[in-house]
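Colleague: Here it is, the structure, as structure tokens.
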């Protein structure tokens, strides 16, 4: 039989003990944090200035050519959306495809307050949902911050395509594996610009090293007000947008 | 003698031995027989990075072009197309840099190509040079008037609508269609040469619109308001869009 006094004594002493253990952990944990050093190499970041985009879709064509993406209007590593903000209601979003086919008549501006183009691509998230859901570990973040797909182990289950909140992935019809923008990893390793950045006629796209103090991205971040897509999801995108508004999803 | 399993039935002991052997073999196979390349994602990832890095390049990059085509590069540097990469128009040219004489990058010469960027589209940013390809010198290839490496309008257009097409179209259906642009805007002549540096003026006082719209104006046929009580501190165009007044 335990009386109240001894019960309280035992409870308090066990609390004190566990508190000591917790305290010991807390003293250790920040040390672990310090021990984890940031990699000294590059960290690729991408800038999109929506004000400069003219919606010519040269980037889409260049990306498809460079990366063997099928030309059908269904497979994209990068694509351009036209936003039309009406007087009332939700923004109307259309994909402008390749620009080369004569498109439907220029859309009526009746009832439209504003309209602009937004280029989209893989956001190379710091915390990528696609990496978390891959059942075979085929998709991963490299040390320089690019999310890649190992097409040898990808089983084409489409989990990552479902998980990506930005719709940046597609299933490549020839390899039947997931495919996505890699910031043109093969070009970056040769000191070339990604194909879309190379051909953009208005410099709406910028790439650079986020760790460097002197890179186009540093200037982009200094000169613009920066926004990322769906910040509420805590994916921490490395594709930064300038001059877009909250309507952009 | 008491062995640990003596209390268990013999059949169960045999089953346990079979289990132990199977588990042991599984451990040996996983640990020693399967090569680490199949198990360790780090090795697979390093392979992937190597494979990605080795992929062939199609676009050579603008720097590659400067090595041979320095005249055109120098010409292009002066003009409005200075920030354009050569491959934006000429297409991927890595093959051309490797075999310059055999593979020539195409030069788009028909009227379909330039309008990809320069067709009027209301979503394009204001001030970007845009034309209506149906009305703009039909059938003529663009390069008969414009040099793509140093494009200039063949002459500076006199009419405002050449650049401000959207405003002109909006104005054409408004009550203000009879007004000249210069009625309200004072356009310095240098605006034609440096359109973004020297800008036309806008009416800066409420009295300007009041010339027609004030209660005591002599002009007939326009809606009248009391300037002293209407609109407070704002200039008229801060609320009303003068190119389409009282738009829906």
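Read the figures in this text as sums done on the coordinates, not as results from a lab. Here the structure is a predicted model, which is why all the values come from computation and not from measurement. Positions of Cβ are backbone-derived with ideal geometry, glycine not excepted, and every protein chain shown enters the neighbour counts.
Colleague: Using only Cα atoms, figure out Rg for segment B:35-179 and give it as a multiple of 2.2 N^0.38 Å. Walk me through the intermediate numbers first.
Modeller: Values: Rg = 23.0 Å, N = 145, 2.2 N^0.38 = 14.6 Å.
Normalised Cα radius of gyration, segment B:35-179: 1.58.
Colleague: Quick one: B:207, A:209, B:216, fewest Cβ neighbours within 10 Å first, how do they rank? Can you show the working numbers first?
Modeller: Numbers: B:207 11, A:209 19, B:216 8.
Lowest to highest Cβ neighbour count: B:216, B:207, A:209.
Colleague: Continuing with the same structure: Please report the orientation-averaged projected area of segment A:129-171, defined via the convex hull of its C-alpha atoms, in nm². Mind showing how you got there, number by number?
Modeller: On the way: hull surface 11.6 nm².
Value for segment A:129-171: 2.9 nm².
Colleague: Given Cα pairs under 8 Å that are at least 6 residues apart, what percent is the relative contact order of segment A:129-171? Provide the component values of the computation, followed by the final result.
Modeller: On the way: 48 pairs, mean separation 16.4, N = 43.
It rounds to 38 percent for segment A:129-171.
Colleague: Just the number: Rg to Rh for segment A:117-219, Cα atoms, Kirkwood Rh, two decimals. All intermediate terms of the calculation are to be shown ahead of the outcome.
Modeller: On the way: Rg = 14.5 Å, Rh = 14.8 Å.
When Rh is taken as the Kirkwood radius, the ratio is 0.98.
Colleague: As a check on your grasp of the helix formula, calculate [θ] at 222 nm for the protein assembly as shown: sum -39500 (n - 2.57) over DSSP H runs of n ≥ 4, divide by the residue count, round to the nearest 500.
Modeller: Details: 18 runs with 152 residues, N = 497.
Computed mean residue ellipticity for the protein assembly as shown: -8500 deg cm²/dmol.
Colleague: Summarise the partner chain shielding of B:42-52 as one whole number: the mean count of Cβ atoms from other chains within 10 Å of each residue's Cβ.
Modeller: Numbers: counts 2, 0, 7, 10, 1, 3, 12, 9, 1, 6, 12.
Mean inter-chain Cβ contacts per residue within 10 Å come to 6.
Colleague: Just want to confirm a number: the relative contact order over chain B, from Cα pairs under 8 angstrom separated by 6+ residues, in percent.
Modeller: Details: 172 pairs, mean separation 27.6, N = 248.
RCO, chain B: 11 percent.
Colleague: Something else now. What is the projected area of the convex hull of the Cα atoms of chain B, averaged over all directions, in nm²? Mind dumping the intermediate values first?
Modeller: Details: hull surface 136.1 nm².
Computed as one quarter of the Cα hull surface, the answer is 34.0 nm².
Colleague: What does the highest-first list of A:61-69, A:42-50 look like by mean Cβ count within 10 Å? Spell out each step's value before the answer.
Modeller: On the way: A:61-69: 20.6, A:42-50: 22.3.
Ranking, from highest mean packing down: A:42-50, A:61-69.
Colleague: Can you give the alpha-carbon Rg of segment B:1-72 over 2.2 N^0.38 Å, where N counts its residues? Don't skip to the answer; put the middle values down first.
Modeller: Working: Rg = 30.1 Å, N = 72, 2.2 N^0.38 = 11.2 Å.
Segment B:1-72 yields a ratio of 2.70.
Colleague: So what's the angle, to the nearest 10 degrees on a 0 to 90 scale, between helix B:41-53 and the longest Cα principal axis of chain B?
Modeller: Relative to chain B, helix B:41-53 is tipped by roughly 40 degrees.
Colleague: Counting other beta carbons within 10 Å of each Cβ, put B:73, B:21 in order, fewest first. Numbers along the way, then the final one.
Modeller: Details: B:73 17, B:21 10.
Final ranking by Cβ density, sparse to dense: B:21, B:73.
Colleague: Please rank A:3, A:51, fewest neighbouring Cβ atoms within 10 Å first, as an exposure proxy. Spell out each step's value before the answer.
Modeller: On the way: A:3 8, A:51 15.
Ascending Cβ contact count within 10 Å gives the list A:3, A:51.
Colleague: Using only alpha carbon positions, build the gyration tensor of segment B:138-248, then give the equivalent ellipsoid semi-axes as the square roots of 5 times its eigenvalues, largest first, whole angstrom.
Modeller: Semi-axes, largest first: 36, 16, 11 Å.
Colleague: Let me ask something else about it. I need to check one value: relative contact order of chain A, counting alpha carbon pairs closer than 8 Å and at least 6 residues apart, in percent.
Modeller: Values: 403 pairs, mean separation 63.6, N = 249.
Reported relative contact order: 26 percent.
Colleague: Have a look at chain A and give its Rg and Dmax from the Cα atoms, expressed in angstrom.
Modeller: So, for chain A, Rg and Dmax equal 23.9, 89 Å respectively.
Colleague: Using a 10 Å cut-off on Cβ to Cβ distances, tally the other chain neighbours for every residue of A:89-97 and report the average as a whole number. Each step should come with its number before you reach the end.
Modeller: Values: counts 0, 0, 0, 0, 0, 1, 0, 2, 0.
Taking all residues of A:89-97 together, the mean is 0.
Colleague: Something else now. Once you average over the residues of A:189-197, how many Cβ atoms of partner chains fall within 10 Å of each Cβ?
Modeller: Details: counts 7, 3, 2, 8, 5, 1, 7, 1, 1.
Going residue by residue through A:189-197 and averaging, the value is 4.
Colleague: Right, another one. If you average 1/r over all unlike Cα pairs in the protein assembly as shown and invert the result, what Kirkwood radius do you get in angstrom? Before the final figure, lay out the partial values.
Modeller: Values: mean 1/r = 0.0352 Å⁻¹.
One over the average 1/r among Cα pairs gives 28.4 Å for the protein assembly as shown.
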